[in-house]
Amino acid sequence: MTEQGLAARGIDTTTPNVARIYDYLLGGKDNFAADRAAAQQLIAATPDIAGILRDNRAFIGRAVRHVVQAGIRQFLDLGAGLPTQFNVHEMVQQVAPEARVVYVDNDPVVWTHGQALLARGDRVAYVGADLRKPADILQHPTVTGLLDLTQPVAVVCAAVLHFVPDQDEPYRIAAEYRDRMAPGSFLAISHGASATAEEDPTGVVDAFTNVYRRASAQLHVRSLPEIRRFFDGFDLVDPGVVWMNEWRPDPGIPPSGQATSLRAGVGRKPDD
Ligand SMILES: C[S@@+](CC[C@H](N)C(=O)[O-])C[C@H]1O[C@@H](n2cnc3c(N)ncnc32)[C@H](O)[C@@H]1O
């Protein structure tokens, strides 16, 4: 849909949008001038930002592969973003063709595109909803139609919880998902990391935070203990919450971006 078409439907294309900034940085076409201008500011702060985002996608791939190998066949990808070249359903169905995936995003442009692009698959669906409302998502007919939530599921929250501010109670939200997930379920998270002045002497994190201050959602990076707290009630899969490139790296595949950007981990909800 064109920018004019979206504007006619009341969709704001003049405020930089977190999904479309991400799309631009990953080389996508679903973005507008305001998104590209914000993305350029991020590139100015960290020239290898696109590499970092590719590393994030690579972490998602390693995490879901691990989870598929653990026997999980149903996935809920929260804050899934615009479909990219290698989406979660492609990652998991490559190994387990029968696996089912529901994508969730609260951005109308994202899920309209998502629904159109994924319309052909019968084991994949895209739902427009806000991850801050776990009950709405977990009772959504599309979710319950495709996923059996009495059985273990993998919830993926990649590069999205840092758009949920503390006042929206992200830990209560995470706990609500956990409590509604069957034992043996998995949670995979990647999350923007805060840094001390020594760790980030050029102020990249502040520069990023400033760019997102004017965007559709603001950036709230968190410390290692804060990110680990999302896994309360889960057993962390080795090596725990680490820099995302250190989470079970594939031998022989070098990371694209800098070593310290997002932290990541995978947890398993213990058996009763
Ligand atoms: C940076 S992108 C990450 C996309 C994908 N998860 C990845 O890691 O490649 C963040 C996505 O989260 C979505 N998002 C932000 N806040 C959300 C919320 N409260 N509920 C659902 N989606 C949200 C945005 O619209 C955007 O598509």
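Rule-based calculations on the coordinates, nothing more; no lab input. For clarity, every value in this text was computed on a predicted model and none was experimentally measured. Don't worry about glycine lacking a Cβ; one is built from the backbone with ideal geometry, like all the others, and counts go over all protein chains shown.
Note on the chain: with charges restricted to the Cβ of Lys and Arg (+1) and Asp and Glu (-1), its dipole about the Cα centre is near 400 debye. Build a GNM of the chain with springs between Cα atoms under 10 Å apart, and of GLY184, GLY145, GLY79 the one that fluctuates most is GLY145. On the principal axes of its alpha carbon atoms, the chain extends 48, 47, 40 Å, with the longest extent given first. Amide H to amide H distances under 5 Å link ALA158 with LEU78, SER190, where only residues 5 or more positions off or on other chains count and H is placed in the peptide plane. The length gained on full extension between ARG213 and GLN69, counted as 0.36 nm times the residue separation minus their Cα-Cα distance, comes to 47.9 nm.
Packing here is the average count of other Cβ atoms within 10 Å per residue, and on that basis the peptides 133-144, 187-198, highest first, run 187-198, 133-144.
Nearest 0.05, what FRET efficiency do LEU6 and ASP235 give at R0 = 41 Å with Cβ-Cβ as r? All intermediate terms of the calculation are to be shown ahead of the outcome.
Details: r = 44 Å, r/R0 = 1.06.
It comes out at approximately 0.40.
Just checking the listed ones, LEU131, LEU161, LEU117: in the Gaussian network model of the chain with Cα springs under 10 Å, the one fluctuating most is LEU117. Pair-distance distribution of the range 1-159: all C-alpha pairs, bin width 5 Å, starting at 0; shares per bin in whole percent are 2, 9, 17, 21, 19, 15, 10, 6, 2, 0.
When the helix-only estimate is applied to the chain (DSSP H runs of n ≥ 4, each -39,500 (n - 2.57), divided by the residue count), what is the mean residue ellipticity at 222 nm, nearest 500 deg cm²/dmol?
On the way: 11 runs with 105 residues, N = 272.
Roughly -11000 deg cm²/dmol at 222 nm, from the helical runs in the chain.
Would you mind computing the Rg to Rh ratio of the range 85-126 from its alpha-carbon coordinates, Kirkwood style for Rh? It would help to have the intermediate numbers written out before the result.
Values: Rg = 10.3 Å, Rh = 10.6 Å.
Ratio of gyration radius to Kirkwood radius: 0.97.
In a simple Cβ point-charge model (Lys, Arg +1; Asp, Glu -1; nothing else charged), the range 1-80 has a dipole of about 340 debye relative to its Cα centre. Maximal additional length on extending the ASP166-ASP250 stretch stands at 26.9 nm, based on 0.36 nm per residue less the C-alpha distance.
If you wrap the tightest convex hull around every Cα atom of the range 125-272 and split its volume per residue, you get 140 Å³. The fewest-to-most ranking of VAL160, VAL204 by surrounding Cβ atoms within 10 Å reads VAL204, VAL160. The range 93-109 and the range 199-226 have their alpha-carbon centroids 28 Å apart. Residues MET181, MET91 in ascending order of nearby Cβ atoms (within 10 Å, fewest first): MET91, MET181.
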